[in-house]
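Asker: Mind looking over this structure? Questions follow.
The values are calculated or read from the model by the stated rules, or taken from the named source; none is laboratory data. Every value quoted in this text rests on a predicted model; they were computed, and no experiment measured them. Note that each Cβ is placed from the backbone with ideal geometry, even for glycine, and that neighbours are counted across all protein chains shown. Ligands, DNA and RNA are excluded from the accessible area calculation, which covers all protein heavy atoms including side chains. Shrake-Rupley method; radii C 1.70, N 1.55, O 1.52, S 1.80 Å.
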Amino acid sequence: MAQPARPPAAFRGQNGAGQQPYSNGPVQNQLMHSSDGQGYNPSAPGSYSHQMPAKVPPHQSSGQYNYSSSQIASQLNNYQGPGQILNRVAPPSGSPVQQAGSVPQVLPPAPQNSAASSAGGFGAAPPGLSSWPYGQAPASHPGGSQTSHLAHVAGTASIHPPSSLPGNSNPPGSYQYAASPGGPPLQNSYMKPASAPPPVTQPLPPLHLPRPPLGPPPVAGPPLIRPSTLTAAAAPPPSSSVPQSLLNSTANREGDAASTASDGSVVQNSYDAIEGGGLMATTHPSPATPNVNMGRNVGYSYPNLPPGYQNTSPGAPGLQAPALQYPDGSKPFHQPPLGPNHLTASMGTLSLQQEGLRPVNLLQERNILPTTILQAPVPNLHEDIQKLNCNPELFRCTLTNIPQTQALLNKAKLPLGLLLHPFKDLSQLPVVTSSTIVRCRSCRTYINPFVSFLDQRRWKCNLCYRVNDVPEEFMYNPVTRAYGEPHKRPEVQNATIEFMAPSEYMLRPPQPPVYLFVFDVSHNAIETGYLNTVCQTLLDNLDLLPGNTRTKIGFITFDSTIHFYSLQEGLSQPQMLIVSDIEDVFIPMPENLLVNLNENRELIQDLLKTLPQMFTKSLETQSALGPALQAAFKLMSPTGGRISVFQTQLPSLGMGALKSREEPNQRSNAKDIHLTPSTDFYKKLALDCSGQQVAVDLFLLSGQYSDLASLGCISRYSAGSVYYYQSYHHKHNPVQVEKLQKELKRYLTRKIGFEAVMRIRCTKGLSIHTFHGNFFVRSTDLLSLPNVNPDAGYAVQMAVEESLSDMQVVSFQSALLYTSSKGERRIRVHTMCLPVVATLSDVYLGADVQAITGLLANMAVDRSVSASLSDARDALVNAVIDSLAAYRSSVLSIQQPGLMAPRSLRLFPLYVLALLKQKAFQAGTSARLDERIFTMCQVKNQPLVYLMLMTHPNLYRVDNLSDEGALNINDKTIPQPPILQLSVEKLSRDGAYLMDAGSVMYLWVGKNCGQNFISQVLGVPNYGSVPQNMTHLPELETAESIRTTTFIAWLREQRPFFPILYIVKDESPLKSSFLQNMIEDRTESALSYYEFLLHIQQQVNK
């Protein structure tokens, strides 16, 4: 049968071979562009239709595909199983076969130093075989290793976006200050730690241009700073005298910074240019004042500037605020109205330090585990500064005292890095709507609580120390309705804040929420019964999907062929279209496959009700997952959105087909563990998806090996998530059904951000060199996140590039630019401030042992993949040995027998031992390969709080719960039993113990457990009557039952996934799983905690 003309090679190359392997890391000053000159960027100039893939006909009437009546599949009611095949007919001569214009293609980034492989670098070669060079920037980092990108001025500041883009229509100077929907009223001060998350700051493009003179730009040539006399509404296009070659070179440095429209105006088409500093968001009515005294002094310290300033309000001319008195040697740090906001003159004199540095002999002190949840250490800052600091649940550093130099960091043998939870659900979040978003002209930092106001009209950036003008609009405080108090505005009072972004922050009109569901309907999939659960859960939550009147939805099913579902308005029921050509997938009737949810609700509901029954008689065992994903990508490319894929077996047909690599009998042989992908198909497709703002979430429901190491790449590089339900079956494993229902409900209804980018900035002298999480690193340091969700965590490694000796504090800022499900462009910014220290003892004093463990776990996953599992395990052990040996030799003045650790690191050996026993890194045969890979995926993508719970579970005794010390939340009394050490010696046969391991819970009931607990909580007459496979506690009207069920429900509410509860008896087969989590006890393949300490001591004393 004749085939229509094939698309250009550029499009085929996206999903096929013939390209160099991608690397998920910093791009070495490379513009990702295709041979036809079309840049790698998600933007469509103006509208979505320009992005339609070559093979998708813009209109059915175009003549590209002709369907005869015999080729339309019958109505769903009459469907008798796969059989009616849809084939293509050759297009009539002269009919348009492909869309005008080329399809964007991604060329692989330039090869990079493997040690610097960013984004967690699956495939990164380790710098050394058994230990990490903490904090050292890789030798060949692009552009000389971005030193926090602060000293560079973006070269595209003059570029103005088309004024026709919809966006913030508020006139300059109008403000709204609103709480986020559903949240309580805003406070004009930083919320309590549990409430407000820190804001995220957008990264600056990696431009390394010579720094221009500060102040107004020269008249001729491309201005580096938008002239301050222009208003946001009437910025003229850049002068036509700007040489095109300069614009091109800028684009090459930034990743396609701009393109020229037909009218000669410059159009923004790169997120790097938008976020990274191409556009000035401030609109000053008066010319920028030249920066006087810009010598070395102003950059680092500013003794000549007055600590207070004239705070004149219109009603009281000449009234002077009292100047602050600073102790000798201190420098003004914060704006006066906050009181004496300054660091203590000598940070070494605080009384906390004695307790924090008290050495602990780990071999003697057995009860070092706190009985309550371990809190993050509080940075050693003045209380007025600290109360403004970012919530550690959102932004956390491994060292809360930053070492002055890289040499000091190297000496401490501790990793320096940040852990972020940037999109966390928050009960309170200040949201600011303003025509002016105030940012540093030089490094593009967002104004924040840690900048200093030199006077009412000037503020100094806390990252690059540039002095900036305060725009006129910023002088008015919308909260107090007062003029002349810029330091009291919400942006300067909250370390976490969200801005409603004006149109300058858009490359195109905000995309609608688009959700595409792709279901495996092979015989194996139908057997598991998952389709009933998923379709019913989707039906129940259809009204709760995040979105608005523009929300679109679509469905694809697949076995050995691909099935599309036309949901065209006017149809009495959905129509199925089958494509059997999986080698060259095309989209039939593209305009009716993704439809408006509100306008087509009845058809969608009909489809969800009939889907589970449609394939019950199918005997098709093959799985064409790759072609189905290709089809989904083509369907979603014009708009972007989210693809949710449900898969139950190893893909066996078409592109992306895989073969089994697991030998059950050889699981213990570490050298043969296949942790790397067997094909780059899924990674390449994920990068194509990322370029079109599409994220793919994978739900793997499988009882057999499915090569998650390969399949997981589709989610990892497109900023999606992976869910794994081992041995899912609705009858044989019913407890998994409830888990899938609960987690799918959370997944479908949680907040979502579309077409997002994130950048992290830090004070000059620090640099970021490696990223961990699910994303693609675009242009060196800009993280591309087609979707961002509130359950995803990220980590970065850092280095000290220049001495920080003349600074007292450093700051970190993350910025997340995203489109909400309501179609609003928003920027969430988190800022954190930490002190700088000069001594090794202070570095140890500020160590955050949980953050260190979380960062090391991310690094160990990379090491497992790039080298081997045994290398990763050795490196984890060496991390403990090196840091404790450095502490012993350099900090302890008196050498004592035993294994000495600073109090801040007393749990370090315990947590590392817990990592060694976790499924991701454990030796031995007990872990299935997919299970191990899934745990590694969780390490890379979980926020720290959940990662720590999975690594070191919490153990509670629950047969004697009381109201003493209980929490009262929403009229419920929640018991707070003490946390016990994870050792069998803490168990008593007379008690019942709950182990909370994050994604699973075990309730172990001792043989001699009191009759009261057995009858009042378990609801059975005696121990012998407790069922072997019990997974639910009955809801009884007894005080004991209410306490226990309330406590378990409260623990479950704290997390986005649903932990199954297993009730375990002495003779239960699950007892081994329960005991496996007893970290302090010896197992078949791992040392006990005491043996591990002896091993560490032996190595430290060498």
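Asker: How much length is gained if the chain between Arg601 and Tyr483 is pulled fully straight, taking 0.36 nm per residue apart and subtracting their Cα-Cα distance, in nm to one decimal?
Answerer: 37.4 nm
Asker: Measuring with a 1.4 Å probe in the full set of protein chains, what accessible area per residue, in whole Å², belongs to segment 726-817?
Answerer: Spelled out: the 1.4 Å probe surface of segment 726-817, per residue, equals 21 Å².
Asker: Considering only protein heavy atoms and a probe of 1.4 Å, how much of the accessible area of segment 548-600 is carbon and sulfur, as a whole percent?
Answerer: Looking at segment 548-600 in its full context, I get 43 percent from C and S.
Asker: Could you please state how large a percent of the accessible area of segment 973-1025 is carbon and sulfur, counting protein chains only and using a 1.4 Å probe?
Answerer: Using a 1.4 Å probe with all protein chains present, segment 973-1025 comes out at 46 percent carbon and sulfur.
Asker: Also, I was wondering about something else. Counting pairs of alpha carbon atoms under 8 Å apart in space and at least six apart in sequence, what relative contact order in percent does segment 999-1091 give?
Answerer: Taking the mean separation of contacting Cα pairs over the length of segment 999-1091, I get 34 percent.
Asker: Volume per residue, Å³, of the convex hull around the alpha-carbon atoms of segment 397-556?
Answerer: Measuring per residue, one finds 233 Å³ for the Cα hull of segment 397-556.
Asker: So, one more: How would you order 530-543, 383-396 from highest to lowest mean count of nearby Cβ atoms within 10 Å?
Answerer: Top to bottom by mean Cβ count within 10 Å: 383-396, 530-543.
Asker: Which aspartates and glutamates, on any chain, are close to Lys972 with Cα under 12 Å apart, when same-chain ones fewer than 8 places away are left out?
Answerer: Asp963
Asker: Follow-up question, since we're still on this one. Leaving ligands, DNA and RNA out of it, report the carbon-plus-sulfur percent of the accessible area of segment 732-843 at a 1.4 Å probe.
Answerer: Result for segment 732-843: 49 percent of the exposed heavy-atom area is carbon or sulfur.
Asker: Given the peptides 993-1000, 609-616, 981-988, 574-581, arrange them by the average over their residues of other C-beta atoms within 10 Å, most packed first.
Answerer: 993-1000, 574-581, 609-616, 981-988
Asker: Can you tell me the length gained on complete extension of the stretch Asp963 to Asp455, counting 0.36 nm per residue apart and subtracting the Cα distance?
Answerer: 177.5 nm
Asker: Continuing with this model, one more query. Structure shown: which of Lys552/Lys751; Lys488/Lys764; Lys552/Lys634 lie over 19 Å apart, alpha-carbon to alpha-carbon?
Answerer: Beyond 19 Å: Lys488/Lys764.
Asker: Between Ser805 and Gln386, with labels modelled 7 Å along Cα→Cβ, what's the label distance in nm to one decimal, could you check?
Answerer: Distance between label points: 2.9 nm.
Asker: What accessible area per residue, rounded to a whole number of Å², is obtained for segment 351-497 using a probe radius of 1.4 Å?
Answerer: 30 Å²
Asker: With every protein chain present, what is the per residue accessible area of segment 948-1036 (1.4 Å probe, Å²)?
Answerer: So segment 948-1036 comes to 45 Å² accessible per residue, rounded to a whole number.
Asker: Starting from the exponent 0.38 and prefactor 2.2 Å, build the expected Rg for segment 994-1102 from its residue count and divide its actual Cα Rg by it.
Answerer: The value comes to 1.34.
Asker: For Leu1070 and Lys1102 in one chain, what is 0.36 nm times their gap in residues minus the Cα-Cα distance, to one decimal in nm?
Answerer: 7.4 nm
Asker: Once R0 is set to 45 Å, what does the formula 1/(1 + (r/R0)^6) return for the Cβ-Cβ distance between Asp990 and His730, expressed as a FRET efficiency to the nearest 0.05?
Answerer: Here the calculated transfer efficiency is 0.70.
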